[in-house]
Each structure stands twice: as C-alpha cells, then as structure tokens.
Amino acid sequence: MLIGESRSEAPIPVSLFRKEALAARRDAWLGRPQLLQPISVQTATGLAVVAVVLIGSVLILGEYTRRVRVSGTVAPSAGVTRVFAPQAGRIVQSAVSEGVAVRRGDSLYTIGLDSVTDLGETEAIVESQLRTQRAELQEEISRRAELDRIDKKGLYEQERILKREIERIDTQIADTADYLAVLKESADKYKQLVNRRITIQREFEFRQQSYMQTRQELQGLKRQRVQLDGRLEEVHSKLDGFDANAAIVIGELRQRAAAMDQQLAQGAARRAINVTAPRDGTITAILGKSGQMIAPGAPLLSILPTEGQMEIHLMAQSRAIGFVREGTHVLLRYAAFPYQKFGQYPGIVKRISRAPLRPSDLDGISDMGGQSNPVAPLYQITVQPQVQDVVAYGKAEPLRAGMEVEAELLLDTRPLYQWILEPLYSLRGGVASQSTSTWQ
C-alpha cells in the first residue's frame, strides 16, 4: 500500500511545446517539399545534340601547338669581342670607359711588366741610360752634318779661288807669250843688224837676254797653271766623293741610333705592353681598372660591334631539336623584363647548328641554356627577334648583349582531334611498319 501510494504521488513532466510543433521542427532539416517535373525527352535530346556539336566543333576547329621551353642569351649577330691580358702585370694606364666608341688599333690599356731591384726599376734605369746615349748620339749626328756642310762649303770656295787663279794665270800666260813673240822678233832683227854691222853686239845680247828671261817666266807661269789644275782636280775629286763619304759616316751614326732605338723599344716591351682594340665597336663590361694587378689571360673588357643587330642564342637538348626548323616561330621572354608585366616578344629561328656542342664549348652561355643535364650535348639555335627593343613603361629599352632569355619554340600545331587520336596513329604506324617487315 505504501509503495503504491508513493508511485501515484510522483509528479508527471509537462512539455512547454505542443507535440505538433515538436514534430514539425524535427523534420525541418529536410526542407520544404517541392513538386519535381521531369525534363521532356525532346529537350534532353536537343541539349545532348548541341553539346555533341559544340564538342565536335572544338575538337575539329580547335588547335593546339606543342611548345618546347629552352633558354639562352642575347648576343650581337657579329659576335662580342672579349679582350684579355696578354701577360701578368699591373695596369698603369687605362683609356677606356663604358659606352665609348673605339676604332681598331686604339690604345685601351698600358700594362706594366717592370721588375724592381735594390737600385730601383731595372728597365727604367736601363732605358734612362739608353736615352742619354741616344741624345748624345743625335747631337753628334747634328754636329757631323754641320761640319760636313762647312767642309763642303770650303771645298766650293777653294774651287772658286782656284778657278779665278787659273783665269789670272791664263791671262798672264797669254800676255807673256805675246810679249815673248815681240822680244823674239826684236832679238832676230838685232841679230841681223849685228851681222850687217849696223849695231853693236851688246844691243843684241840685251834683247836676247830679255827674250830668255821672259821665256823662263812663261814656263814658270805654265808650271803654275799645271799645279793649279792639279789642285783643282783634287778639289773636284773631294767634292765628287764628299756626299758619299759624309753619307757613310752619317749612316753609321744613324745605325747606332737605330740600334739604340731598338733596344729602347725592346726595353719598353719588357717594361710595359700596350693593349689595343682588335676591332671597331663600343666598349662594355669593363673589368680591368687602373692600378689593378692582373694575371695572364684575365678578361679586361668586351667590345660590341657597331655593325649588325642583336640575336638570340638558345641552347636545346637533342630531344627538343627534332621538329625545329628554320622559320619556326618563337616566343621570347627576357629575364630583365618579366613577361607577366612586359609581355612576350616574337622571333623566328634563323639557323640551327648541325652538330651538337660539348659543355666545354659553352663558356659564356648563361646557365648552360637552362638545361637540367649539363653533361648532355646541346644544339645552338639562333633566333632573330622581330624587334630590337622591349617596351617598358612606355619607353623602348634596347636589347643588350648577355641578357638571359627564356623562349618557347612553337613546334607542331594540329587540330585537337589529331592530338587525341595520336596514340591510334602511332599504333597504326607501328602495325604498318611491322607488316612491311613481315612481308620483307
């Protein structure tokens, strides 16, 4: 009884919501019921046909181009000339600056090669002594030439004096000969008078003595004439050989001077060498600075040719070279101008190397053409860009040698359905070749 009474007295729980409200809330997650009406068969068929036509059109009319990505650098069509140090030494003089135009043979650098001892720079001391001797020798040549000029002038003066003396002697000889003829005629007359005893013997002897004395004078004048002729002949002989003898002496002195000049040149070559421009062009990539110590073969600078245009040198492995032909279109991306911002630039394949290049031949090609296998042989592809500059922020920036380039070779353009059916084409080709080999 007590137990029953306790059960009847327990409180009964009462809900705050109605049962209908709770049931409706329990099924609310399913959403509101909607009446579904199926699409008609005609509509579904029409949509399917349209979809098939669109897909077929895309497959037939749509095209896809197979691309191969390679990389390389920008280079002048005439090539870049690099200048290297011929010997080890120190750059004592530099006459170069970036962007300056040079002509072939222009001096670029002076490289000092002199060694230093306790007495100082050896070649400098020897050169100083040789220059002193050379200056003294040049003064001797000048003095010798002046003495030769004076001596030759003296010989001409002697010739002039002797000729005047000979003229005077000739006049005296002529006058004396005339006077001697008169004396002889007078002596002969007096001899006849003596024989006829018209005059005395003394008068005849006086005339005869005058005749003999005058004849002796005439003979003396003739001897003087002969002596003057001899002296004049001697002067003429000296004049005839004067220039030759003077030239021999001057030539010997000049030979000594030339030998000294050669020694100076050799000393200058041992002391310093002059590096000149091997071609016309524009200086760039200067590495050698004044005062810098350099090793033999060290790069000093590069010279860009003035003629020609920029072209692209791409390096491609053999697996990418199969379908590349001259005239193949290329899209160029310059590393200095990101293509996401400045776009891609078209180009055309100009030539392809017929033989692969070894990795050791690729000195100067940036990143080995971007190839993952640096040991594999590479082919060089030369591309002619359609424009020689890049438009950046509204300004045309010219292409510069050495710029890194990434390129996409547009190799094979075919409809999409051919790309999809390519495995079947390959299979058919394999079966055909196998059948041919079987028949053979």
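The values are calculated or read from the model by the stated rules, or taken from the named source; none is laboratory data. None of these values were measured; they are calculated from a predicted model. So basically every Cβ, Gly included, is an ideal-geometry build from the backbone, and we count neighbours across all protein chains shown.
Looking at SER437, is it modelled with pLDDT under 65 and part of a loop (DSSP other than H, G, I, E, B)? No; evaluated as a whole, the condition is false for this residue. Do we have GLN129 as among the polar types (S, T, N, Q), assigned to a helix (DSSP H, G or I), in the same structural domain as ARG223 (by the TED database) and at pLDDT 85 or above here? No. The residue of the stretch 82-126 that is modelled with the lowest pLDDT, among those that are of a type in the set (A, V, I, L, M, F, W, C) and part of a loop (DSSP other than H, G, I, E, B), is LEU119. Can you name the residue in the stretch 88-106 that is over 11 Å from the mean Cα position of the chain (by Cα) and surrounded by 14 or more Cβ atoms within 10 Å (Cβ to Cβ) and is also nearest to THR306 (Cα to Cα) among such residues? Once the filter is applied, the top-ranked residue is VAL96.
Only one entry in ALA295, ALA272, ALA257 is over 24 Å from TYR345 (Cβ atoms), of a type in the set (Gly, Ala, Ser) and in contact with a Lys or Arg (Cβ under 8 Å, 6 or more places away or on another chain), namely ALA257.
Every residue, every condition in (1) at pLDDT 85 or above; (2) outside any helix (DSSP H, G or I); (3) in contact with a strand residue (DSSP E or B) (Cβ under 7 Å, 6 or more places away or on another chain), yes or no:
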position	(1), (2), (3)
GLN227	yes, no, no
LEU232	yes, no, no
LYS238	yes, no, no
GLU252	yes, no, no
GLN255	yes, no, no
MET260	no, no, no
ALA265	no, no, no
ALA268	no, no, no
ILE303	yes, yes, yes
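Checking every residue in the stretch 6-20 against the condition of being at pLDDT below 65, assigned to a helix (DSSP H, G or I) and of a type in the set (Ser, Thr, Tyr) gives at least one match. Within the stretch 139-160, which residues are among the acidic types (Asp, Glu) and under 21 Å from ASP229 (Cβ atoms)? Passing the criteria: GLU157, GLU159.
If the condition is being surrounded by 19 or more Cβ atoms within 10 Å (Cβ to Cβ), in a strand (DSSP E or B) and out of contact with any Ser or Thr (no Cβ under 8 Å at 6 or more places or on another chain), then the stretch 310-332 contributes ALA316, VAL330, LEU332.
May I ask you to verify whether ILE348 is in contact with a Ser or Thr (Cβ under 6 Å, 6 or more places away or on another chain) and at pLDDT 85 or above? The answer is no for ILE348.
In the set VAL330, VAL349, which member is touching a Leu at 6+ places or on another chain (Cβ under 7 Å) and hydrophobic (A, V, I, L, M, F, W, C)?
VAL330
Taken over the stretch 310-329, the criterion of being in contact (Cβ under 8 Å) with a residue 60 or more places away in the chain and closer than 21 Å to ALA78 by Cβ is satisfied by MET310, GLU311, ILE312, HIS313, LEU314, MET315. No other residue among GLU307, GLU252 is loosely packed, with under 15 Cβ neighbours inside 10 Å and either touching a residue at least 12 places away in the same chain (Cβ under 8 Å) or assigned by the TED database to the domain that holds LEU399 (or both) apart from GLU307.
Yes or no, residue by residue, for (1) in contact (Cβ under 8 Å) with a residue 60 or more places away in the chain; (2) surrounded by 12 or more Cβ atoms within 10 Å (Cβ to Cβ):
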position: ALA145; (1), (2): yes, yes
position: LEU162; (1), (2): yes, yes
position: GLU165; (1), (2): yes, yes
position: ALA177; (1), (2): no, yes
position: ALA187; (1), (2): no, yes
position: LEU193; (1), (2): no, yes
position: LYS222; (1), (2): no, yes
position: ASP240; (1), (2): no, no
